[in-house]
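First up is the structure itself, then whatever we jot down about it.
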Amino acid sequence: KYTKFYISYYWINSLDQKTFICSRVENVAIPSGEENKTAALSYDQRIMLFENTSSTGTYYCEVKWNDFQKMGKGVFVLIRDTGYINTSYSWKILVTLTVLLAVLSIIATALLLWKRK
């Protein structure tokens, strides 16, 4: 009953659009003496990137038998183009803000001391 099943691979992008990648039917022979035992099988699948689209998203595998189906938890894949440089300005903003506050503090202190005299 469970030796023949349908495997499908798809991904869901940031707009929750589902795109099917490929599917196949598997028929697993059960060795003699192994009936009524739980088995775990691994399947490798090579996924080629789609042309002219961003392939960033969550990739899923789904297996269907006659009476039920099982879906994986998914794997999030972030695709970046060749030569991508991660630009993080947070430390520059922090340094700039600190220097600005220090300069303002020094000027305010100098003005207070100048007014006292």
If you take the residues in region 26-54 that are closer than 20 Å to ASP81 by Cβ and open to solvent by less than 100 Å² (accessible area, probe 1.4 Å), which one is modelled with the lowest pLDDT?
THR53
For region 88-105, check the following and say yes or no: at least one residue is at pLDDT below 75, out of contact with any Leu (no Cβ under 8 Å at 6 or more places or on another chain), open to solvent by 70 Å² or more (accessible area, probe 1.4 Å) and of a type in the set (S, T, N, Q).
no
Looking only at region 72-87, filter to residues that are loosely packed, with under 10 Cβ neighbours inside 10 Å and out of contact with any Ser or Thr (no Cβ under 7 Å at 6 or more places or on another chain); which one of those is nearest to SER42 (Cα to Cα)?
LYS73
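With the requirement that a residue be at pLDDT 80 or above and either loosely packed, with under 11 Cβ neighbours inside 10 Å or not assigned by the TED database to the domain that holds GLY72 (or both), what does region 8-17 give you? If you could, list the steps in order and put the result at the bottom.
Here is the first cut: in region 8-17, the ones at pLDDT 80 or above are 8-12, 15-17.
Listed by number, the residues that qualify are LEU15, ASP16, GLN17.
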Complete set of residues in region 57-70 that are among the hydrophobic types (A, V, I, L, M, F, W, C), over 12 Å from TRP11 (Cβ atoms) and surrounded by 12 or more Cβ atoms within 10 Å (Cβ to Cβ)
VAL63, TRP65
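The values are calculated or read from the model by the stated rules, or taken from the named source; none is laboratory data. In this text the structure is predicted, and so the values were computed from the model without any measurement. Note that each Cβ is placed from the backbone with ideal geometry, even for glycine, and that neighbours are counted across all protein chains shown. Only protein heavy atoms, including side chains, enter the accessible area calculation; ligands, DNA and RNA are left aside. Shrake-Rupley method; radii C 1.70, N 1.55, O 1.52, S 1.80 Å.
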